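Asker: This is the structure I want to talk about, given as structure tokens.
The values are calculated or read from the model by the stated rules, or taken from the named source; none is laboratory data. Here the structure is a predicted model, which is why all the values come from computation and not from measurement. Positions of Cβ are backbone-derived with ideal geometry, glycine not excepted, and every protein chain shown enters the neighbour counts. For accessibility, only protein heavy atoms count, side chains too; no ligands or nucleic acids. Shrake-Rupley method; radii C 1.70, N 1.55, O 1.52, S 1.80 Å.
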Amino acid sequence: MSARGRNGTADSPQAGAVPGDPTNAAQSGAGRADAEAAEAAEAAWRRLDPRIIAVTSTGSGLLIITAAVIMWWRDAPWWLHAAVLPPLLCFPVYEWWRWLKTTYRLTPERIELRTGVLVRSHRSIPRHRVRSVDVSANPLRRIFGLSTVKVGTGHRAGSADNAVLTLDALSHRDAETLRQDLVRRTAVEEDQDTIGRIDWKWLRYAPLSSWAAFLGLSAVGGTYEVLDTVGADPDAVLIPQLFSWLSRADLLPVIVLGLLGLVVVGACGATGLYVEMWWDFRLLREPNGALRATRGLFVTRSVTLEEERLRGMEIAEPLLLRWGGGAYTYAVASGTGSAEEEISSYVTSAMLPPAPLAEAHRVAAAVLREEEDPTASVRLVPHTRHALLRRLRWAFFTGTGLGGLLVLLGVLLTDVLIHIGWTTALVAYAAGALFARDAARSLGHGVTGRYLVTRHGSVKRRTIALRRDGVIGWNVTQWAWQRRSGLCTLTATTAGGRGAYDVKDVLMPEGLRFADESVPTLLDPFVTRGQDRTGTGP
């Protein structure tokens, strides 16, 4: 007699099971076997794309061949030419062995990577710890159809062994599939909401970047190195001729034209860098809440941040860019790293290229899902004149130190340095006073809605809006030179961005009130509240 459930049918899901029934046992065993097989298939170890062997061998080969050409040009001895051949033959073998020893897998709980030829390593990141996914491809990898995927956990580089897990050779399709799996996205691009995209009118902000001066000076150094490499020997020929010509020329026009040339070269280089970095930039919000920024001309990059990791936004205005009415826009989120690290911030936290300030505020508000950007809508509380006096003192000490050092050297060496010293001191006093005033005027703090806002800086003014529920602690620091004025530096700690954001040179009582208003009860274990005269007040 067959066993039946409450509804009287033997094949019902609610049907009872008779212990020892071979049919039920077989079905149960088959179900478990299928589940185990599916889990094993999903967690199978996979190798990287084998085309990486050709990519790395080609890159290494080009470097070695370039070195051989330079040695031939410089008439290097035969044994140096012979030394080029073994690496040229060994690199493909090594890359094949490294590819063979590198495997990865994605399970429902974690992503794992096993790699190493001489030293083996096995790295593992729980999927719930993934904070960002960066997909990039340099020109050589793009030729071969490969991408590099970097999975970030939110730790700073060097602070944890598993800060970033890198898969340096996946096909474009596999890289995009892995990205979607890690951030749990399945939507197609047509379903995505575009928050911002590049406007080439913003190209005017490229020369206002700090990269312009760096690239201008780098051009001079690069030219010297190239001439030295090809055997022109600039130390023995070109530089003596240059000094000989300068001794006969009028120095003022030469200096002006030289500085102008550096500015033009730097501006052109910064413009080219802007185009390469921000080509086809788009900031998208995927249906399930992830923010994805795509950009790049030669090196393409796609960065994905989960919206639930967002802790706020930062508007950064370097001095030249501020004079031009522009700003950077950064996300304060777990896994983005420090906005101080310019290259790192471009990789993970940049939400917009250098753009007009109004557009930066619009994008910041859209990212935060607010009607207005908190950094623009709040009325900041200015800091007292004690903050200005402190900065003026620093300007005075700096100018006196620089000028005094040069005057001292002039007494010991030559009278020319004495005049340079007092001139330098006067210039430092004037410039320091202007920067001190601007820095003091930039200071401010306030609370608006769900956010606390702090602003500081002159050479690079930063305005940061932090979610109040994301602040996990306060640090109150009072240096010896702050105590006489009753000032302190209040630091909000949060699990995102730089991890710590300052309210600089605020009066101690005002800073504590601000901290208590921003995150009530967080300071209660550390603050003794005064009472009124009746003993009933807080």
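Asker: Taking the condition among the hydrophobic types (A, V, I, L, M, F, W, C), free of Cβ contacts under 8 Å to residues at least 24 places away in the same chain and open to solvent by less than 50 Å² (accessible area, probe 1.4 Å), does residue 409 pass?
Answerer: Values: among the hydrophobic types (A, V, I, L, M, F, W, C): yes; free of Cβ contacts under 8 Å to residues at least 24 places away in the same chain: yes; open to solvent by less than 50 Å² (accessible area, probe 1.4 Å): no.
For residue 409, the condition - among the hydrophobic types (A, V, I, L, M, F, W, C), free of Cβ contacts under 8 Å to residues at least 24 places away in the same chain and open to solvent by less than 50 Å² (accessible area, probe 1.4 Å) - is not met.
Asker: Just to be sure, is residue 532 at pLDDT below 90 and more than 23 Å from residue 387 (Cβ to Cβ)? Spell out how you get there, then give the answer.
Answerer: Working: at pLDDT below 90: yes; more than 23 Å from residue 387 (Cβ to Cβ): yes.
In short, yes.
Asker: Might you check whether a residue that is surrounded by 17 or more Cβ atoms within 10 Å (Cβ to Cβ), outside any loop (DSSP other than H, G, I, E, B), of a type in the set (A, V, I, L, M) and within 16 Å of the chain's Cα centre (by Cα) occurs anywhere in segment 256-279?
Answerer: Scanning segment 256-279, I find at least one residue that is surrounded by 17 or more Cβ atoms within 10 Å (Cβ to Cβ), outside any loop (DSSP other than H, G, I, E, B), of a type in the set (A, V, I, L, M) and within 16 Å of the chain's Cα centre (by Cα), so the answer is yes.
Asker: Among 423, 489, which is the only one that is open to solvent by 20 Å² or more (accessible area, probe 1.4 Å) and part of a strand (DSSP E or B)?
Answerer: On the way: 423 fails: part of a strand (DSSP E or B).
Answer to the check: 489.
Asker: Looking only at segment 396-412, how many residues end up being of a type in the set (S, T, N, Q) and within 11 Å of residue 422 (Cβ to Cβ)?
Answerer: Qualifying residue count, segment 396-412: 1.
Asker: In segment 511-528, which residue that is in a loop (DSSP other than H, G, I, E, B) and within 12 Å of residue 468 (Cα to Cα) is least open to solvent (accessible area, probe 1.4 Å)?
Answerer: Result: 519.
Asker: I want to confirm something. Restricting to segment 328-362 and keeping residues that are under 18 Å from residue 451 (Cβ atoms) and hydrophobic (A, V, I, L, M, F, W, C), which single residue is modelled with the highest pLDDT?
Answerer: Going through segment 328-362, the residues under 18 Å from residue 451 (Cβ atoms) turn out to be 329-334, 336, 339, 349, 351, 360-362.
With hydrophobic (A, V, I, L, M, F, W, C) added as a condition, the list becomes 331-333, 339, 351, 360.
Values: 331: 92, 332: 91, 333: 86, 339: 44, 351: 91, 360: 95.
Only one residue fits best here, namely 360.
Asker: May I pose another question? Restricting attention to segment 352-367, which residues are open to solvent by less than 10 Å² (accessible area, probe 1.4 Å), touching a residue at least 60 places away in the same chain (Cβ under 8 Å) and in a helix (DSSP H, G or I)?
Answerer: Looking only at segment 352-367, we keep the residues that are open to solvent by less than 10 Å² (accessible area, probe 1.4 Å), and these are 352-355, 360, 363-365, 367.
Those left that are additionally touching a residue at least 60 places away in the same chain (Cβ under 8 Å): 352-355, 363-364, 367.
Listed by number, the residues that qualify are 363, 364, 367.
Asker: List every residue pair whose Cβ atoms sit under 6 Å apart, with the two residues 6 or more apart in sequence or on different chains, where the first one lies in segment 248-263 and is within 19 Å of residue 220 (Cα to Cα) and the second, anywhere, is open to solvent by less than 60 Å² (accessible area, probe 1.4 Å) and small (Gly, Ala, Ser).
Answerer: Here the result reads 262/216, each pair linking segment 248-263 to a residue that is open to solvent by less than 60 Å² (accessible area, probe 1.4 Å) and small (Gly, Ala, Ser).
Asker: Name the residue that is farthest from residue 365 (Cα to Cα), counting only residues in segment 426-463 that are small (Gly, Ala, Ser) and in contact with a Ser or Thr (Cβ under 7 Å, 6 or more places away or on another chain).
Answerer: Only one residue tops the list, namely 428.
Asker: Restricting to segment 496-510, count the residues that are under 29 Å from the mean Cα position of the chain (by Cα), surrounded by 16 or more Cβ atoms within 10 Å (Cβ to Cβ) and of a type in the set (A, V, I, L, M, F, W, C).
Answerer: Selection size over segment 496-510: 2.
Asker: Any residue in segment 304-326 that is under 30 Å from residue 151 (Cβ atoms) and open to solvent by less than 10 Å² (accessible area, probe 1.4 Å) sitting within a Cβ distance under 6 Å of a residue that is hydroxyl-bearing (Ser, Thr, Tyr) and modelled with pLDDT under 95? List the pairs, counting only those 6 or more apart or interchain.
Answerer: 305/132; 314/330; 315/375; 316/328
Asker: Restricting attention to segment 280-291, and to residues there that are open to solvent by 20 Å² or more (accessible area, probe 1.4 Å) and at pLDDT 85 or above, which single residue is nearest to the chain's Cα centre (by Cα)?
Answerer: Only one residue tops the list, namely 282.
Asker: Next question, about the same structure. Assess whether residue 436 counts as being among the small types (Gly, Ala, Ser), crowded, with 20+ Cβ neighbours inside 10 Å and more than 27 Å from the chain's Cα centre (by Cα).
Answerer: yes
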